[in-house]
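Only the coordinates and a few stated rules stand behind these numbers; no lab work does. Since we're looking at a predicted model, the values are computed, not measured. When we count neighbours, we look across all protein chains shown, and the Cβ atoms used for this are built from the backbone with ideal geometry, even at glycine.
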Amino acid sequence: MYSSVDRGGEEKSYTNPTKIPHFIKKHNIEHYLVDSTKNIDMQWSILRPVAFYENLTPDFFGKVFATCFKMALKGKSLQLVATSDIGYFGADAFMNPESYQGKAVSLAGDELTYEQMERAFTSRMGKPLPTTFRPICSFFMAAMKDMGYMFKWFHDEGYGADIKRLREVNPNMRTFDAWLENESGFAKS
């Protein structure tokens, strides 16, 4: 079992390393895993989560994530997933290996624009979504090339998990609203 990253959907991910350094490393590991097991009796499964809801935290990092999302995606949607749902699929793969052997599964629980996230946050938490100053985010995306490439890729290409099909396997996958109310750091504060 390998936890990687979605790079445009289950089919496209295998051939799309992207320009994002940490995505490229995961792409290369996937190929090494698949190639190394071709002629031996070893099975593999790959889980490819999208961006984590847990990137939205009640601290400075969360403000940076929210502001970069707003700035870089410019109204486009972003797929997100709860780490607990990644755990669900990891456990399911160990409990039902025949369903996952030789397969890669992209994981997402919701897809929303910044505006949809902001409305849901305000509705659930009774206050605006915390953000920071745009120049700070511009600085981070320029100084941390990996981060800049990633947010540009979110805008230009984006994730491609099949959320409807995932909900057939796990009907309890968290939407952003459910995660926000039950698992987020905001619900606990």
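Hand me the list of helices (runs of 4 or more DSSP H) wholly inside segment 134-189 holding 1 or more residues that are closer than 18 Å to His22 by Cα.
Working: elements: 134-143, 145-156, 163-169, 176-182, 185-188.
Correct list: 134-143, 145-156.
For every residue, the table says whether it meets (1) surrounded by fewer than 21 Cβ atoms within 10 Å (Cβ to Cβ); (2) under 22 Å from Glu183 (Cβ atoms).
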position: Leu80; (1), (2): no, yes
position: Tyr88; (1), (2): yes, yes
position: Ser99; (1), (2): yes, no
position: Met117; (1), (2): no, yes
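Please tell me if Glu98 is touching a Phe, Trp or Tyr at 6+ places or on another chain (Cβ under 9 Å), acidic (Asp, Glu) and over 19 Å from Lys152 (Cα atoms). Step through it out loud before you land on a result.
Values: touching a Phe, Trp or Tyr at 6+ places or on another chain (Cβ under 9 Å): no; acidic (Asp, Glu): yes; over 19 Å from Lys152 (Cα atoms): yes.
Spelling it out, it is not the case that Glu98 is touching a Phe, Trp or Tyr at 6+ places or on another chain (Cβ under 9 Å), acidic (Asp, Glu) and over 19 Å from Lys152 (Cα atoms).
Pick from Asp146, Asp177, Asp162: which is touching a residue at least 40 places away in the same chain (Cβ under 8 Å) and either within 15 Å of Phe65 (Cβ to Cβ) or surrounded by 18 or more Cβ atoms within 10 Å (Cβ to Cβ) (or both)?
Details: Asp177 fails: either within 15 Å of Phe65 (Cβ to Cβ) or surrounded by 18 or more Cβ atoms within 10 Å (Cβ to Cβ) (or both); Asp162 fails: either within 15 Å of Phe65 (Cβ to Cβ) or surrounded by 18 or more Cβ atoms within 10 Å (Cβ to Cβ) (or both).
None of the other options fit; the residue is Asp146.
Among the residues of segment 51-66 satisfying the criterion of being small (Gly, Ala, Ser) and more than 21 Å from Gly160 (Cβ to Cβ), which is surrounded by the most Cβ atoms within 10 Å (Cβ to Cβ)? Can you show your working first?
Here is the first cut: in segment 51-66, the ones small (Gly, Ala, Ser) are 51, 62, 66.
Still in the running and more than 21 Å from Gly160 (Cβ to Cβ): 62, 66.
Working: Gly62: 20, Ala66: 22.
Top of the filtered list is Ala66.
So in segment 1-20, with the set limited to residues that are among the hydroxyl-bearing types (Ser, Thr, Tyr) and touching a residue at least 40 places away in the same chain (Cβ under 8 Å), which one is surrounded by the most Cβ atoms within 10 Å (Cβ to Cβ)?
Here is the first cut: in segment 1-20, the ones among the hydroxyl-bearing types (Ser, Thr, Tyr) are 2-4, 13-15, 18.
Restricting the remaining residues to those that are touching a residue at least 40 places away in the same chain (Cβ under 8 Å) gives 2-4, 13-14, 18.
Values: Tyr2: 15, Ser3: 14, Ser4: 20, Ser13: 25, Tyr14: 18, Thr18: 20.
Selected residue: Ser13.
Within segment 21-50, can you find the residues that are over 22 Å from Gln101 (Cβ atoms) and either of a type in the set (A, V, I, L, M) or exposed (fewer than 14 other Cβ atoms within 10 Å of the Cβ) (or both)?
Step one: of segment 21-50, the residues over 22 Å from Gln101 (Cβ atoms) are 21-25, 50.
Residues satisfying the conditions are Pro21, His22, Ile24, Lys25, Val50.
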